[in-house]
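Take a look at the structure below.
Where a number appears in this text, it was derived from the coordinates with a stated rule and is not lab data. All figures in this text were calculated on a predicted structure; none of them were measured in a lab.
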Amino acid sequence: MGQCFTKAQSDQADSDQHVEFVGGNVRPVTSKEEWDQKLSEAKRDGKIVIANFSAAWCGPCRMLAPFFCELSEKYPSLMFLLIDVDELTDFSTSWDIKATPTFFFLKNGQQIDKLVGANKPELQKKITAILDSAANSGQ
């Protein structure tokens, strides 16, 4: 399962291998204020949030980025957010991010699930399960 732990390990990575992290309906979060704003927006619209704590230098994150964008287009009823752990270091630390990518699933601002690592099938499975439970609860 792909995940990154420290920046030092990946300094040899090919840095000019640019991957578009933000596409589809993925919205980048660049400040704590913006995070709060997006979360209250999601609460207001009854949307479940999938927050991707990621890093530009992380190979598995780059590998998963296009899939995350695809999912955002496939499931417009969910809100897909991207947080760069290097841009928002303190904020990421407050979420206890130990490896990237880490995905948090939030409903009404509360964590309902979590996934660590670039595991496409598991990410898809968790989204499907969340949507099923939302449908069954009449949401």
With Rh as the Kirkwood radius over Cα pairs, the stretch 36-122 has Rg/Rh of 0.94
With just the Cα atoms of the stretch 88-139, tell me how far they stretch along each of the three principal axes, in Å, largest first.
37, 25, 12
Could you give each residue of the stretch 122-128 its phi-based ³J(HN,Hα) in whole Hz, using Karplus coefficients 6.51, -1.76, 1.60 with θ = phi - 60°, and x for Gly or Pro?
5, 4, 4, 4, 5, 4, 4
Cut-off under 5 Å, modelled amide H: who pairs with L78 long-range:
none
